[in-house]
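K.L.:
Have a look at this one.
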Amino acid sequence: MKPQDIIKEKSSLWIFGYGSLVWKPNFTYKRSKIGHIVGYKRRFWHGDDFYRGDKEKPGRVVTLVEDQEACTWGVAYEVADSQIEESLQYLNMREVVLGGYITEMVEFIPQEKGQAPLLALVYIATSDNPIYLGPASEKEIAAQISACRGNTGHNIEYLLRLAEFMRLYCPEVEDEHLFSIEAAVLNIFHDCGEINPPY
């Protein structure tokens, strides 16, 4: 499904972010809502050889993996009128061309009580992508994240900002995968005698 097909006849579009988009959307939007989607879990299984790593040492970033029992929290952004084309052009370069993600439409459930679910565009990297890294233990993922840096900064920044977002905006949600990798990264620096990770 191409974004152009989705936006025909539409004056606004919702875009769901669950990785760096939660703290760095970098496009103009009308409003945003915290909430979640069902049927997917967030996993650090995708490689990044541009933003948070390079060709020799790809970083690890999140993608969504289908799981009927799971839900993933993030932010939905509403873009309207001329913002639609601008944001989709920007995100196509950021997520598809440089990131290897594809688009899907999902049902987004706002955190605020009494608000109806809405349809949102989401970017997902699948296992047939050449830079998809797949499952690994928390320790392996943490070691990889600790060693990688790309054009927008250290891979650790990506991890810690995502964990910070969850604690600030979704304090009741226990994201075990995310928090266990964060703990493993902090342990690496604690064991090295460094107080804070470098980012």
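K.L.:
Give the label of the value calculated from the structure for Rg and Dmax of the Cα atoms in Å, choosing from [x] 16.7, 58; [y] 18.4, 65; [z] 21.6, 82.
P.N.:
[x]
K.L.:
Turning to a different aspect of this structure: At most 15 other Cβ atoms within 10 Å plus a DSSP loop assignment makes a site exposed; report the longest stretch of the chain without any exposed GluC sites (Glu not before Pro). Don't jump to the answer; show the numbers that get you there.
P.N.:
On the way: sites that count: 9, 56, 112, 172, 174, 194.
So the longest stretch without any such site is 113-171.
K.L.:
Rolling a 1.4 angstrom probe over the protein heavy atoms, how many square angstrom per residue are accessible across the chain?
P.N.:
Averaged over the residues of the chain, the accessible area is 51 Å².
K.L.:
In segment 105-199, carbon and sulfur make up what percent of the accessible area (probe 1.4 Å)?
P.N.:
Numbers: 2700 of 5220 Å².
On segment 105-199, the fraction of accessible area on carbon and sulfur atoms equals 52 percent.
K.L.:
Give the residues of segment 53-79 whose amide nitrogen is closer than 19 Å to a point set 7 Å from the Cα of residue 28 in the direction of its Cβ.
P.N.:
Label zone hits: 77-79.
K.L.:
Below 20 Å, Cα to Cα, which aspartates and glutamates can residue 57 reach? Residues fewer than 8 away in the same chain don't count.
P.N.:
Cross-link targets: 48, 49, 95, 128, 138, 140, 157, 182.
K.L.:
If contacts are Cα pairs under 8 angstrom and at least 6 residues apart, what is the relative contact order of segment 3-189 in percent? Walk me through the numbers before you get to the answer.
P.N.:
Details: 360 pairs, mean separation 51.7, N = 187.
Across segment 3-189, relative contact order equals 28 percent.
K.L.:
Testing the spin-label approximation: label points 7 Å from Cα along Cα→Cβ at residue 128 and residue 85. State their distance in nm.
P.N.:
The modelled label-to-label distance comes out at 3.1 nm.
K.L.:
Given charges of +1 on the Cβ of Lys and Arg and -1 on the Cβ of Asp and Glu, with all other atoms neutral, how large is the dipole of the chain about its Cα centre, in debye to the nearest 20? Show your work: numbers first, answer last.
P.N.:
Numbers: 20 positive and 29 negative charges, 83 e Å.
It comes to approximately 400 debye.
K.L.:
Shifting gears a bit: Once the other residues with Cβ under 15 Å from the Cβ of residue 65 are scored (Lys, Arg +1; Asp, Glu -1), what is the net sum?
P.N.:
Working: positive: 41, 42, 43, 60; negative: 66, 67, 69, 104, 128, 175, 176.
Net of charged neighbours comes to -3.
K.L.:
How far is helix 155-169 tilted off the main Cα axis of the chain, in degrees rounded to 10, range 0 to 90?
P.N.:
Its long axis makes an angle of about 60 degrees.
K.L.:
Additional query: Would you kindly find the accessible area of residue 126, with a 1.4 Å probe and non-protein molecules such as ligands, DNA and RNA excluded, rounding to the nearest 10 Å²?
P.N.:
Estimated to the nearest 10 Å², residue 126 gives 50 Å².
K.L.:
What angle, in degrees between 0 and 90 and rounded to the nearest 10, separates the Cα long axis of helix 82-91 from the longest principal axis of the Cα atoms of the chain?
P.N.:
For 82-91 against the chain, the angle is about 30 degrees.
K.L.:
Positive end of the dipole of the chain, charges at C-beta (+1 Lys, Arg; -1 Asp, Glu), about the Cα centre: which of 137, 39, 19 has its Cα farthest in that direction?
P.N.:
Of the options given, the answer is 19.
K.L.:
For residue 38 and residue 143, calculate 0.36 nm times their separation in residues minus their Cα-Cα distance, and state this gained length in nm to one decimal.
P.N.:
Details: separation 105, 0.36 × 105 = 37.80 nm, distance 2.96 nm.
In short, 34.8 nm is gained.
K.L.:
For the chain, which longest stretch is free of loop sites, where a loop site is one of the trypsin sites (Lys or Arg not before Pro) that DSSP puts outside H, G, I, E and B and that has at most 13 other Cβ atoms within 10 Å? Please list the in-between numbers first.
P.N.:
Values: sites that count: 8, 10, 30, 55, 113.
Longest stretch, sites excluded: 114-199.
The values are calculated or read from the model by the stated rules, or taken from the named source; none is laboratory data. Predicted model, so just to flag it, every value in this text is computed and none were measured. No Cβ is skipped: glycine too gets one built from the backbone with ideal geometry, and neighbour counts run over all protein chains shown. Accessible surface areas use protein heavy atoms only, side chains included; no ligands, DNA or RNA. Shrake-Rupley method; radii C 1.70, N 1.55, O 1.52, S 1.80 Å.
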